[in-house]
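Reviewing the structure listed below.
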Amino acid sequence: MSQNQTNNLAAGHRAGHVALIGRPNAGKSTLLNRLVGEKIAAVSNKPQTTRFKILGIVTRPEGQIALVDTPGVHKPGYELNRRMMTAVHDALLGVELVCLIRDASAATGNGDRFVLDLVKQSGKPALLLLNKTDKLKDKSQLLPLIEWYQSEHEWQAVVPISALKGDQIEHLLAEMIRYLPAGEPLFGPDDFTDQPMRALAAEIVREKILETTGEEIPYVTAVVTERFEEIREDYARIYCTIFVERASQKKIIIGHGAQRLKQIGISARHDIERMLGHPCHLELFVKVEKDWRERSHLLDEMGIKQ
Ligand SMILES: Nc1nc2c(ncn2[C@@H]2O[C@H](COP(=O)(O)OP(=O)(O)OP(=O)(O)O)[C@@H](O)[C@H]2O)c(=O)[nH]1
Ligand SMILES: [Mg+2]
């Protein structure tokens with residue numbers, strides 16, 4: 001054992017994996033980005049934004065948290081959705097602590113019961129995170145919710161938060177670390193995700209599409225980075241393909257006079273450049289691929305694993 005490792009253990013260092021589980025739109029990816037301090041997951045006001053597990057690493061002197069963001073729990077229809085739900089089950093198996101995230105400003109529905117049952121069945125220690133407290137007029141509105149969840153399950157802690165505004169985030173980190181096992185850091189001090197740059201770039205493009213289009217498009221769109229060329233240390237060329245299912249959807253994404261696609265490209269490039277720390281050239285190509293949500297090889301290519 002190295003001197004560093006001995007020091008870490010003597011200081012009570014803790015480390016482990018923590019899953020973020022919840023209904024679509026509960027704010028899991030917003031919380032992941034907030035805790036990691038980098039934008040690694042796409043966020044949108046449309047449900048089912050996240051499609052695969054995304055690891056985010058939070059390193060503090062007292063512990064290291066490997067956070068696993070997951071797709072929102074929903075009834076799977078297509079192969080895409082079945083894979084999304086497999087990612088949820090997988091995440092639950094591979095962690096030491098589960099965080100159930102609930103939008104505290106929304107009414108309780110069958111979906112909430114379903115998520116609760118998944119957490120219970122996992123048999124893992126769990127924290128209950130009541131998110132979006134900034135939307136509540138009065139914090140006492142949380143009380144019936146807390147009562148219901150506590151009557152259903154034994155939580156290590158209940159933590160009201162606002163992932164968007166950052167309320168109670170340091171307290172939440174301390175609670176997560178507290179329930180992790182003693183151990184050495186699992187990742188290097190500068191690591192913050194398991195996602196390669198090309199995957200992050202594709203997710204940024206997808207987020208911009210969700211931002212600029214209406215209700216129908218999110219579900220039928222996927223983005224793949226076909227080529228990521230690091231021309232110089234300070235310049236990259238990135239080529240992404242946007243998949244849709246029908247010619248009419250392609251028209252929507254491209255927009256009148258190609259204005260929408262241009263807008264998507266500009267705002268995606270802006271975010272990608274910020275992530276890379278240098279300029280890049282971003283080219284977007286829209287392709288109609290009927291039934292891509294059911295086609296295994298395309299889903300594999302998109303990184304949406306079986
Ligand atoms: N007011 C408020 N909005 C929030 C908060 N957290 C997240 N949101 C918003 O809720 C919406 C959904 O956020 P996401 O982080 O994409 O939710 P998610 O749980 O990852 O959703 P899926 O990936 O679809 O399962 C976005 O519009 C966020 O800006 C919060 O604390 N307060
Ligand atoms: Mg998400």
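How about the range 116-155: which of its residues are among the polar types (S, T, N, Q), closer than 25 Å to A91 by Cα and crowded, with 17+ Cβ neighbours inside 10 Å?
Correct list: S122, N131.
If you scan the range 259-268, which residues turn out to be without any contact (Cβ under 8 Å) to a residue 12 or more places away in the chain and surrounded by 12 or more Cβ atoms within 10 Å (Cβ to Cβ)?
Within the range 259-268, just K262 meets the criteria.
Just checking, does the range 67-82 include any residue being touching a strand residue (DSSP E or B) at 6+ places or on another chain (Cβ under 6 Å) and more than 23 Å from S296 (Cα to Cα)?
Within the range 67-82 (the criterion being touching a strand residue (DSSP E or B) at 6+ places or on another chain (Cβ under 6 Å) and more than 23 Å from S296 (Cα to Cα)), the answer is yes, since at least one residue qualifies.
Looking at this structure, is R34 basic (K, R) and either more than 22 Å from W148 (Cβ to Cβ) or more than 10 Å from ligand 1 (Cβ to nearest atom) (or both)?
Yes: the conditions hold for R34.
Would you check if there is a residue in the range 227-240 being in contact with a Gly (Cβ under 6 Å, 6 or more places away or on another chain) and farther than 20 Å from M84 by Cβ?
Taking every residue of the range 227-240 in turn, none turns out to be in contact with a Gly (Cβ under 6 Å, 6 or more places away or on another chain) and farther than 20 Å from M84 by Cβ.
Can you run down the residue pairs with Cβ atoms below 8 Å, 6 or more apart or on separate chains, where the first is in the range 224-247 and in contact (Cβ under 8 Å) with a residue 60 or more places away in the chain and the partner is assigned to a strand (DSSP E or B)?
V224/C240; V224/T241; V224/F243
With V88, V73, V43 as the choices, which residue is within 12 Å of ligand 1 (Cβ to nearest atom), in contact with a Pro (Cβ under 7 Å, 6 or more places away or on another chain) and at negative phi?
After ruling out the rest, the residue left standing is V88.
Does any residue in the range 22-37 that is hydrophobic (A, V, I, L, M, F, W, C) come within less than 6 Å, Cβ to Cβ, of a residue that is assigned to a loop (DSSP other than H, G, I, E, B) six or more places away or on a different chain, and which pairs are these?
L31/A163; L32/A41; V36/F192
Kindly provide the set of residues from the range 18-31 that are among the β-branched types (V, I, T) and more than 7 Å from ligand 1 (Cβ to nearest atom), ordered by number.
Passing the criteria: V18, I21.
In the range 133-141, is there at least one residue being hydroxyl-bearing (S, T, Y), without any contact (Cβ under 8 Å) to a residue 12 or more places away in the chain and not assigned by TED's automatic domain parsing to the domain that holds I204?
Yes - at least one qualifying residue is present in the range 133-141.
Out of (1) in contact with a strand residue (DSSP E or B) (Cβ under 8 Å, 6 or more places away or on another chain); (2) crowded, with 17+ Cβ neighbours inside 10 Å, the odd one out for K250 is which?
Among (1) in contact with a strand residue (DSSP E or B) (Cβ under 8 Å, 6 or more places away or on another chain); (2) crowded, with 17+ Cβ neighbours inside 10 Å, the lone unmet condition for K250 is (2).
If we keep just the residues of the range 212-222 that are in contact (Cβ under 8 Å) with a residue 40 or more places away in the chain and of a type in the set (A, V, I, L, M), which is surrounded by the most Cβ atoms within 10 Å (Cβ to Cβ)?
A222
Table: residues versus (1) under 23 Å from the mean Cα position of the chain (by Cα); (2) under 29 Å from E79 (Cβ atoms).
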position	(1), (2)
E245	no, yes
I252	no, yes
Q263	no, no
R274	yes, no
P279	no, no
E283	no, yes
E289	no, yes
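Scan the range 142-170 and report the pairs whose first residue is in contact (Cβ under 8 Å) with a residue 60 or more places away in the chain and closer than 20 Å to V115 by Cβ and whose second residue is acidic (D, E) and assigned to a strand (DSSP E or B), with Cβ atoms within less than 9 Å and a gap of 6+ or a chain change.
Within 9 Å, the pairs are I161/D167.
The values are calculated or read from the model by the stated rules, or taken from the named source; none is laboratory data. In this text the structure is predicted, and so the values were computed from the model without any measurement. When we count neighbours, we look across all protein chains shown, and the Cβ atoms used for this are built from the backbone with ideal geometry, even at glycine.
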